[in-house]
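Participant: Quick one: structure below, then a few questions.
Every number here is computed from the coordinates shown, using simple stated rules; none is lab data. Small disclaimer: the values here were computed from a predicted structure and weren't measured. Here the Cβ positions follow ideal geometry from the backbone for every residue, glycine too, while neighbour counts run over all protein chains shown.
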Amino acid sequence: MIVDARVYLGTSLFNHGLSLTEITANMERLGIDKAILVPVKPCNYHLGPMNQLVSEAVKRHPERFMGLCRVDPWQAEAAVNEAQRGFEELGACGLYLDPWEENFQANNQILVPVLQEAQRHNKPVVINAGHVRVSHPTQIRDIASQFPKVQFVACNGGQINISGILQFEARRMLEACPNIVIDTAGTYREDFIEEIATEVGEGRVVFASGSPVYDQEFEMTRVRFAHLNPAQKQKLWGLNALKIFVSRSQ
Amino acid sequence: MIIDSHTHVDRFGWYDPPETIIRLMGEAGIDQSIIMTYVDAPDVKGSIEYIAEAFQKYPDRLIGYARMNPRRGEEAQQLFRKAMEEYGFKGLKLHPAGNRCHPARQETIDLIRLATRYRAPVLFHCGDEEFTLPLQIAEAAKACPEATIILGHCGGYFHTSDAVRVAERYPNIILETSAMPYPRLVREAVERIGAARVLYASDGPGCDPTIEVHKVKLAGLTADDQEAVFHRNIRRILDNVTLEAHSI
């Protein structure tokens, strides 16, 4: 089973967008069984209606989609209320935080109330990681170590750097915090994915495309051609994601 | 036919002996690869010789670029001359994030001009870090219009638009596809500056050459443009390189 653990739904403020029809067609073409939908930040900046949109998609096609609830922690109590609505009314399987697009540092203490809410509902937290000034692996590690009972998913391999200079820090983050896994989208380099899966733990990596920011078909090649055995690949393709997002949702 | 314009062989930084890239070339169906270290000469003693030994061991498969630290001035220039004339290297690699030497500093310009005397291409690491930004490297391209300047990684994750823009501005800039994660950028580059100025590369062995080949194939180029990107362009550039320095 192939689970794409991060696909953005809607038209983004940042000049990209996919409709549910387009996402479904892409999944059918590429043989993806299930996708975890993430609301984009829309042109009007209002995340609530986007959470609603994701929820409606999941309710229409529960066999195909799960959805994350996205909040802006700068909204303080309103963010906590939206997270609560996401978990209790909208059926969200986790929380999505985007330090890059919502402009906060990943270990800023404004996150504490929304993370407490995720912990209260036993929901995983996906963080758009690797953006040096806001979601550096050290910052993800810092916040994750304050919430050891919360499962975190650090996007983009936990590091975005085309010199590879952040790989060491991302690995240290994973070794220090057993409650963090990484997703594969855009990861520099493929041997980092292999290294983490074989040396840190085959349960510590999930396939995600991050589309349409990244190309879904191309992102699949990172797992398809990985120098891993079939059992390890099965975990990356979907078993790890199901364990994180489905088991906790039930 | 595929020539990979940017790969690594090293025993000083990350450990990647030549056999690693040879194996991955086999998996990806790559005929030849341009190799370079992860470290600068002359800072790391023996790094030039290590690359020379590798391409002498696999003369039909591997081609060498000399990765140099321009800050070492005359010492770097002498070693580069030796690399070109005695060992048969084919190009210069610069990684300003590593040696903290701005692309437009006089030491860098001097080294680029020396490479140009051999008609050898200059491959820059071009990503998101300070001193490697496309607009910074463009200053070197402007100062050395006779040089062939290759933007490795095409601006990385966040500076790809700048990479294409400076390539439109300076005809001596070539874009190279390795490691950046956007197949659509390959197509955009071909559409905006022409297929003759785009090179396939992987940044292997860390970035899997098989995956990097797929990236170019996913760009949806015409068969002729794809051939240009996969081998014709870099072959044209390498065929122009000489063993002796010319005046410029």
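Participant: What are the ³J(HN,Hα) couplings of region B:20-34, residue after residue, when phi is run through the Karplus curve with 6.51, -1.76, 1.60 and θ = phi - 60°? Round to Hz, x for glycine and proline.
Facilitator: Per residue, the Karplus-derived 3J(HN,Hα) values read 5, 6, 4, 5, 5, 4, x, 4, 8, x, 9, 7, 9, 9, 8 Hz.
Participant: Given the options B:96, B:183, B:209, state which has the largest fluctuation in a GNM of chain B using a 10 Å cut-off (strictly under) for Cα springs.
Facilitator: Maximum among the listed residues: B:183.
Participant: Also: Residue-wise, which Karplus ³J(HN,Hα) couplings in Hz belong to region A:234-240, taking 6.51 cos²θ - 1.76 cosθ + 1.60, θ = phi - 60°, and x for glycine or proline?
Facilitator: 4, 5, 5, 4, x, 4, 5
Participant: Separate question: Add -39500 (n - 2.57) for each DSSP H run of 4 or more in chain A, then divide by its residues: what number comes out at 222 nm, to the nearest 500 deg cm²/dmol?
Facilitator: Per the formula, -10500 deg cm²/dmol.
Participant: In 20 Å bins starting at zero, report the fraction of Cα pairs in the protein assembly as shown per bin as a rounded %.
Facilitator: It works out to 24, 52, 22, 2, in whole percents.
Participant: Hey, what's the Kirkwood Rh for region A:176-250 if you take every pair of different alpha carbons, in angstrom?
Facilitator: For region A:176-250, inverting the mean 1/r across all distinct Cα pairs yields 12.5 Å.
Participant: Here's a follow-up. Can you tell me what share of the DSSP beta bridges in the protein assembly as shown is antiparallel? A percent to the nearest 5 is fine.
Facilitator: Bridges in the protein assembly as shown that DSSP calls antiparallel: roughly 5 percent.
Participant: Let me ask another. For a quick check: with amide H placed at 1.01 Å from N, whose amide H comes under 5 Å from residue B:94's, ignoring anything fewer than 5 positions away on the same chain?
Facilitator: Residues meeting the criterion, in which the H sits 1.01 Å from N, are B:123, B:124, B:125.
Participant: Among A:225, A:65, A:87, which one shows the biggest mean-square fluctuation in a GNM of chain A, springs joining Cα atoms closer than 10 Å?
Facilitator: For chain A, modelled as a Gaussian network with Cα springs under 10 Å, the answer is A:225.
Participant: Can you list residues from other chains, or at least 5 along the same chain, whose modelled amide H is less than 5 Å from the amide H of residue A:125?
Facilitator: A:95, A:151, A:152, A:153
Participant: Mind jotting down the three principal axis lengths of region B:3-239 based on Cα atoms? Whole angstrom, largest first.
Facilitator: Sorted largest first, the three principal extents are 45, 38, 30 Å.
Participant: Under 13 Å from the Cα of residue B:82, which aspartates and glutamates turn up, not counting those fewer than eight places away in the same chain?
Facilitator: Residue B:82 reaches B:49, B:74, B:244.
Participant: Residues with beta-carbon under 11 Å from that of residue B:209, excluding residue B:209: net charge, scoring Lys, Arg +1 and Asp, Glu -1?
Facilitator: -4
Participant: Kindly put A:147, B:55 in sequence by how many other C-beta atoms sit within 10 Å of each C-beta, fewest to most.
Facilitator: Sorted ascending by nearby Cβ count, the order is A:147, B:55.
Participant: Now, a different point. Tell me, which longest segment in chain A has none of the GluC sites (Glu not before Pro) that fall in DSSP loops with at most 14 further Cβ atoms within 10 Å?
Facilitator: My reading of the result: A:90-250 is the longest stretch.
Participant: Just in region B:164-248: which GluC sites (Glu not before Pro) are loop by DSSP and have at most 14 other Cβ atoms within 10 Å?
Facilitator: Sites meeting the loop and neighbour criteria: B:244.
Participant: Follow-up question, since we're still on this one. Find, among the GluC sites (Glu not before Pro) in region B:54-163, those assigned to loop by DSSP (not H, G, I, E, B) with at most 16 other beta-carbon atoms within 10 angstrom.
Facilitator: B:130, B:146
Participant: Counting only residues 5 or more places away or on other chains, whose amide H sits under 5 Å from the amide H of residue A:41 once H atoms are built in the peptide plane?
Facilitator: Under 5 Å from the amide H of residue A:41 lie the amide H atoms of A:13, each far enough along the sequence or on another chain.
Participant: Given that compact globular proteins tend to follow 2.2 N^0.38 Å, what is the ratio of the alpha-carbon Rg of chain A to that value?
Facilitator: 0.91
Participant: Could you give the C-alpha radius of gyration of region B:53-100 expressed as a fraction of 2.2 N^0.38 Å, taking N as the number of residues it contains?
Facilitator: Here the answer is 1.23, to two decimals.
Participant: Now for a separate question. Residue B:1: net charge of surrounding residues, Cβ under 12 Å, Lys/Arg +1, Asp/Glu -1, itself excluded?
Facilitator: -1
Participant: Roughly how many debye, to the nearest 20, is the charge dipole of chain B about its Cα centre, given +1 on each Lys and Arg Cβ, -1 on each Asp and Glu Cβ, and no other charges?
Facilitator: Around 380 debye, computed over chain B.
Participant: Given the options A:183, A:33, A:72, state which has the largest fluctuation in a GNM of chain A using a 10 Å cut-off (strictly under) for Cα springs.
Facilitator: A:33
Participant: Which of A:214, B:58, B:15 comes first, and how do the rest follow, when ranked by fewest Cβ neighbours within 10 Å?
Facilitator: Ascending Cβ contact count within 10 Å gives the list B:15, B:58, A:214.
Participant: Within 10 Å of each candidate Cβ there may be at most 14 other Cβ atoms; applying that plus a DSSP loop requirement, which trypsin sites (Lys or Arg not before Pro) in region B:1-58 survive?
Facilitator: Sites meeting the loop and neighbour criteria: B:45.
Participant: Another question, if that's okay. Once every DSSP H run of n ≥ 4 in chain B is given -39500 (n - 2.57) and the sum is divided by its residues, what mean residue ellipticity at 222 nm do you get, rounded to the nearest 500 deg cm²/dmol?
Facilitator: Roughly -11500 deg cm²/dmol at 222 nm, from the helical runs in chain B.
Participant: Another one. Report the one residue of A:30, A:84, B:94 whose Cα lies farthest in the direction of the positive end of the charge dipole of the protein assembly as shown (charges on C-beta: Lys and Arg +1, Asp and Glu -1; origin at the Cα centre).
Facilitator: Checking the options against the dipole of the protein assembly as shown, the answer is A:84.
Participant: Each residue of region B:87-103 in order: what ³J(HN,Hα) in whole Hz does its phi give by Karplus 6.51 cos²θ - 1.76 cosθ + 1.60, θ = phi - 60°, with x for Gly and Pro?
Facilitator: Values per residue, Gly and Pro as x: 9, x, 5, 10, x, 10, 10, 10, 10, x, 5, x, 9, 6, 10, 4, x Hz.
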